[in-house]
1. Take every Cα-Cα distance within the chain, group them into 20 Å bins from 0 onward, and report for each bin the whole-number percent of pairs it holds.
2. When the helices in the chain are scored as -39500 (n - 2.57) per DSSP H run of 4 or longer and the sum is shared across all residues, what 222 nm value do you end up with, to the nearest 500 deg cm²/dmol?
3. To make sure I understand, if each residue's beta carbon is the centre and we count other beta carbons within 10 Å, what order do VAL312, VAL304, VAL255, VAL223 fall in, fewest to most?
4. Which one of PHE145, ALA94, GLN190 has its Cα pushed farthest toward the positive end of the charge dipole of segment 57-274, where Lys and Arg give +1 and Asp and Glu give -1 at the Cβ?
5. Which is the longest stretch in the chain that no exposed loop site breaks, taking sites as trypsin sites (Lys or Arg not before Pro) with a DSSP loop state and at most 14 other Cβ atoms within 10 Å?
6. Rounded, prolate or oblate: which one fits segment 49-179, using the alpha carbon gyration tensor with axes a ≥ b ≥ c (rounded when a/c is under 1.5, else prolate when a/b beats b/c, else oblate)?
7. Under a point-charge model restricted to the Cβ atoms of Lys and Arg (+1) and Asp and Glu (-1), what is the dipole moment magnitude of the chain relative to its Cα centre, in debye to the nearest 20?
8. For ARG316 and LEU8, compute 0.36 nm times the residue count separating them, minus their Cα-Cα distance, and round to one decimal in nm.
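Derivation of every value follows stated rules applied to the coordinates shown; laboratory data play no part. Small disclaimer: the values here were computed from a predicted structure and weren't measured. Cβ coordinates were reconstructed from backbone atoms using ideal geometry, including for glycine residues, and neighbour counts include every protein chain displayed.
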Amino acid sequence: MSFGIDDLPVRDELRGKSPYGAPQLDVPVRLNTNENPYPLPEPLVERIAERVREAARQLNRYPDRDAVELRTELAAYLTKTAGHPVAVENVWAANGSNEVIQQLLQTFGGPGRTAIGFEPSYSMHGLIARGTGTGWISGPRNEDFTIDLAAAEKAIAEHRPDVVFVTTPNNPTGNAVPPETVLALYEAAQAAKPSMVVVDEAYVEFSHGDSLLPLLDGRPNLVISRTMSKAFGAAGLRLGYLAAHPAVVDAVQLVRLPYHLSAITQATALAALEHTDTLLGYVEQLKAERDRLVAELRALGYEVTESDANFVQFGRFEDSHATWRKILDRGVLVRDNGVPGWLRVTAGTPEENDAFLDAVRELKKEQS
Ligand code: PMP
């Protein structure tokens, strides 16, 4: 046996655990990590090069620690798209929304504290909780993957968590959480502790409904987390952000590393924000493709969970991992999130989606 992690004096809660690991396989059609399939348009690539060239001239200096210009532009984007005024003081940015979530858990969670999420949901909430020494509570969902409000309220009252995660639209299931449910969970969390409620809106631009940003009014313990990885087609950029009461923005600065957001990242994100309208045009195409995937999968006889995201959860399979493999054998990589009976496919280009649909059509034929 070779020397491994467990031979090192690692923290007890990390023993025997695996890292986050969506496979990065070299296959013709990759529909497994909810990326945007459209490369950035050429004029934007040019603009990024220009802005990065400018930033490069000052790389001898540390970047703007508070990323004020970028946060101002993110606030303008939110104000415009959510129809709700958001100011620079309400916005904080970090390297992907994963880092935003980590900073929130470092601030409001930590040793002796707990966080709850309603699973299946985004697995990194629990993993980041573990990494920050926060206890993790797995809350329930209904059979149809909606949040069981009564059970959720009961779990919050019983465990009195310090942080409550609500992912809407939810990953990996795709369904959005009704605003009334989020409000009820917020009330339950305030009555129990009070605690912070983090609404993860990574996929909200793909939703049939609206952002919950207007709920921030008068709710200082509510945080909305967002990302440029999905709708902006910039997963490689690593830019996530949050909107909340200015006190929350002040609080996360207690834990953020100084100069965490590089000058290159800030310059690139600013360039992307200049091209918001073009990028959101792709979102409309992806929403149409998502709706097509839902309709065609249902027509083929698959069960499909309602989707407000850029991906679709479909089933049911006796052995979802074996089905995942059969789809992979046909050159299409989808995601097995470990939800028994279900798989998840990201909406790609029309050609990629056709390749996926051909693969699952063949599987149906094989079975009949
Ligand atoms: N939240 C949810 C619900 C996600 O699905 C993801 C990415 N898969 C993230 C947050 C993290 O995104 P990023 O760090 O790229 O912003």
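1. All Cα pairs, binned at 20 Å, distribute as 28, 58, 14, 0 percent.
2. Numbers: 11 runs with 148 residues, N = 368.
About -13000 deg cm²/dmol.
3. On the way: VAL312 30, VAL304 18, VAL255 15, VAL223 25.
The most exposed by this proxy come first: VAL255, VAL304, VAL223, VAL312.
4. My answer, from the dipole projection, is ALA94.
5. Values: sites that count: ARG11, ARG15, LYS17, ARG57, ARG61, ARG65, ARG316.
It works out to 66-315.
6. On the way: a/c = 2.50, a/b = 1.78, b/c = 1.41.
Prolate is the answer for segment 49-179, as a/c is 1.5 or above and a/b outweighs b/c.
7. On the way: 36 positive and 50 negative charges, 151 e Å.
My answer is approximately 720 debye.
8. Working: separation 308, 0.36 × 308 = 110.88 nm, distance 4.12 nm.
Using 0.36 nm per residue and subtracting the Cα-Cα distance, I get 106.8 nm.
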